[in-house]
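Colleague: Structure provided below as structure tokens; questions to follow.
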Amino acid sequence: MPYPAPVMLHVLAGLVAIGAGFAALAVRKGGPSHRQIGTVFFVAMLLMAGSAAVMAAIGGQRLNTIAGLFTLYLVSTAWLAVRRPPRTTGRFETWAMAGAALVCLAGLAIGLQAATVGVQDGDPSSGNDPTIYFVFAGLAALGVGTDLRVMGAGGLAGRPRLARHLWRMCLALFVAAGSFFFGQADEIPQAFRGPHLMIPPLAALGALAFWMIRVRFPARFVLRAPAA
């Protein structure tokens, strides 16, 4: 077997997650198919991000560790946003927010350290570019800010609840697609490389923008919120 079992688990879970993520975006929201596919996406993302975080931490890969932990935070809180009854929160949200705060602080600290030492090359996936750490820190800070607002309000209902679910799931899909098509581009056979590899990550960002607009202006669309 050319690759260890954890690597194979990570790759297979990532492929399933990316496929299920785009499938969930394509089917009718709130219906049985969406919930079933969404469950597959959720489980696959947990396996992908969890294995990535563990392997990266063992291997001393700080960027992949941060990306894995942040993705776990996104999918778990997005899942709970529609699984909990409206206007309720629990202890998990508090622990998840604390984890996101740690990701934010770690991103800032490593980014500042990398900026002080100097970037050794211009490849963000190398872990030497401070910009990518600042991006993760900023996104984690955004997550912490929204978590504080949600807990202060005692939970969400209606469009805000749906928006919390959508932006976190879409962003997690972007991280997964970007990690595979950008971060692992050197593992893809040369014949299949090219600008087309940018399509899946950009499609995830496009879906994020589309759904935020759709939730923000509901009068122009007919929305059906996911069942709790």
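So that you can scan it fast, the table gives a plain yes or no per residue for (1) among the charged types (D, E, K, R); (2) out of contact with any Lys or Arg (no Cβ under 8 Å at 6 or more places or on another chain); (3) modelled with pLDDT under 90:
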| site | (1), (2), (3) |
| --- | --- |
| Y3 | no, yes, yes |
| V7 | no, yes, yes |
| L12 | no, yes, no |
| L15 | no, yes, no |
| G19 | no, yes, no |
| R28 | yes, no, yes |
| I37 | no, yes, no |
| V40 | no, yes, no |
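Colleague: So for segment 42-59 (the condition being closer than 17 Å to G143 by Cα and surrounded by 14 or more Cβ atoms within 10 Å (Cβ to Cβ)), does at least one residue qualify?
Modeller: Kept after step one, since they are closer than 17 Å to G143 by Cα, are these residues of segment 42-59: none.
No, segment 42-59 contains no residue that is closer than 17 Å to G143 by Cα and surrounded by 14 or more Cβ atoms within 10 Å (Cβ to Cβ).
Colleague: Select from segment 141-158 the residues that are over 14 Å from A78 (Cα atoms), touching a helix residue (DSSP H, G or I) at 6+ places or on another chain (Cβ under 7 Å) and touching a residue at least 60 places away in the same chain (Cβ under 8 Å) and list them in ascending order.
Modeller: M151
Colleague: Additional query: Considering segment 166-215 alone, what residues qualify as being over 27 Å from T146 (Cβ atoms) and either at pLDDT 85 or above or in a loop (DSSP other than H, G, I, E, B) (or both)? Steps first, please.
Modeller: Filtering segment 166-215 for residues over 27 Å from T146 (Cβ atoms) gives 181, 184-199.
Listed by number, the residues that qualify are Q184, I188, P189, R193, G194, M198, I199.
Colleague: Name every residue in segment 131-163 that is of a type outside the set (A, V, I, L, M) and crowded, with 22+ Cβ neighbours inside 10 Å, in order of residue number.
Modeller: Looking only at segment 131-163, we keep the residues that are of a type outside the set (A, V, I, L, M), and these are 131, 133-134, 136, 138, 143, 145-147, 149, 152, 154-155, 158-161.
Y133, F136, G143, listed by residue number.
Colleague: Got at least one residue in segment 3-17 being outside any helix (DSSP H, G or I) and on the phi > 0 side of the Ramachandran plot? Talk me through it step by step, then tell me what you get.
Modeller: Step one: filter segment 3-17 for residues outside any helix (DSSP H, G or I), giving 3-4.
Now restrict to residues that are on the phi > 0 side of the Ramachandran plot: none.
No: segment 3-17 contains no residue that is outside any helix (DSSP H, G or I) and on the phi > 0 side of the Ramachandran plot.
Colleague: Moving on. Looking for whichever is of a type in the set (A, V, I, L, M), over 15 Å from the mean Cα position of the chain (by Cα) and at pLDDT below 95 here; the options are A101, A114. Which one fits?
Modeller: Answer to the check: A114.
Colleague: Something else now. Which ones in segment 20-32 are closer than 21 Å to P200 by Cβ and surrounded by fewer than 15 Cβ atoms within 10 Å (Cβ to Cβ)?
Modeller: If we filter segment 20-32 for residues that are closer than 21 Å to P200 by Cβ, which is where we start, we get 20-27, 29.
Of everything in segment 20-32, just one residue is closer than 21 Å to P200 by Cβ and surrounded by fewer than 15 Cβ atoms within 10 Å (Cβ to Cβ), namely A26.
The values are calculated or read from the model by the stated rules, or taken from the named source; none is laboratory data. Keep in mind that what you see is a predicted model, and the values were worked out from it rather than measured. Quick reminder, even Gly has a Cβ in these numbers, built from the backbone with ideal geometry, and neighbours come from all protein chains shown.
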